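Working notes, beginning with the structure itself.
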Amino acid sequence: MQSRNLPVLTIVVIVLGIMTSCKFYSFTGASIPPQAKTFSVKHFPNHAQIVQPTLSQKFTESLQDKFMKQTSLKLTDGRGDLHFEGSITGYTTQPTAISGDDQAALNRLTITIRITFINEYDPKSDFERSFARYFDYDSKLSLTQVEDQAITEIVEALVEDVFNAAVVNW
């Protein structure tokens with residue numbers, strides 16, 4: 001029985017060997033130049049008209065955590081081989097769905113960030129762009145009631161968007 005599994009095991013080992021020897025492949029889907037060893041995330045100040053006090057810290061730390069958990073890169077205080085900087089440019093809430101009696105049925109919190117990404121070893125992957133994500137909530141609830149959950153979900157989605165734009169090249 002073990003002799004039947006040997007060809008399958010051999011193929012798996014060969015495929016894994018090829019995949020891990022490729023210069024830009026990782027199991028997280030990240031395409032990071034092999035010579036890159038560090039990354040840096042400069043603090044993201046909040047330049048939105050409405051400033052939510054914890055948002056800057058939460059976004060900055062979440063982006064750092066994503067790269068520490070999903071890559072082998074080390075966080076550095078200086079300028080890393082992969083470098084992120086930017087700011088929070090929007091924090092808005094507005095009605096999105098109107099009910100039959102002209103009342104808002106849903107409200108939407110939208111957070112927008114502006115990112116500059118620099119890859120010291122692959123300059124053609126550098127970018128400067130905005131990312132926005134939103135969270136819809138029942139208009140019977142106040143923003144204060146849903147704000148923590150909304151910010152957590154939006155920041156998670158924004159961090160995923162930035163990670164994918166920077167190092168996932170599918």
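The values are calculated or read from the model by the stated rules, or taken from the named source; none is laboratory data. None of these values were measured; they are calculated from a predicted model. For neighbour counting, all protein chains shown are included, and Cβ atoms are generated from backbone atoms with ideal geometry for every residue, glycine included.
Key figures
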item	result
Close pairs from segment 114-134: first surrounded by fewer than 13 Cβ atoms within 10 Å (Cβ to Cβ), partner in a strand (DSSP E or B) and basic (Lys, Arg), Cβ under 6 Å, at least 6 apart	Ser130/Arg114
Odd one out for Phe84 among (1) in contact (Cβ under 8 Å) with a residue 40 or more places away in the chain; (2) surrounded by fewer than 16 Cβ atoms within 10 Å (Cβ to Cβ)	(2)
Qualifying residue in segment 107-126 (condition: modelled with pLDDT of 95 or more, part of a helix (DSSP H, G or I) and over 30 Å from Pro33 (Cα atoms))	no
Filter result for the condition that a residue is more than 17 Å from Leu158 (Cβ to Cβ), over 18 Å from the mean Cα position of the chain (by Cα) and among the charged types (D, E, K, R), over Asp136, Asp81, Asp77, Asp126	Asp77
Enumeration of residues in segment 21-39 that are at pLDDT 95 or above and in contact with a helix residue (DSSP H, G or I) (Cβ under 9 Å, 6 or more places away or on another chain)	Phe39
Residue satisfying condition, being part of a strand (DSSP E or B), on the phi > 0 side of the Ramachandran plot and out of contact with any Cys (no Cβ under 8 Å at 6 or more places or on another chain), within set Gly86, Gly90	Gly86
Number of the exception - Asn107 against (1) crowded, with 18+ Cβ neighbours inside 10 Å; (2) touching a residue at least 40 places away in the same chain (Cβ under 8 Å); (3) within 19 Å of Gln149 (Cβ to Cβ); (4) of a type outside the set (Gly, Ala, Ser)	(2)
Every residue from segment 33-81 that is hydrophobic (A, V, I, L, M, F, W, C), within 13 Å of Ile118 (Cβ to Cβ) and crowded, with 19+ Cβ neighbours inside 10 Å	Phe39, Val41
Given (1) within 20 Å of Phe39 (Cα to Cα); (2) touching a residue at least 24 places away in the same chain (Cβ under 8 Å), index of the condition Leu55 fails	(1)
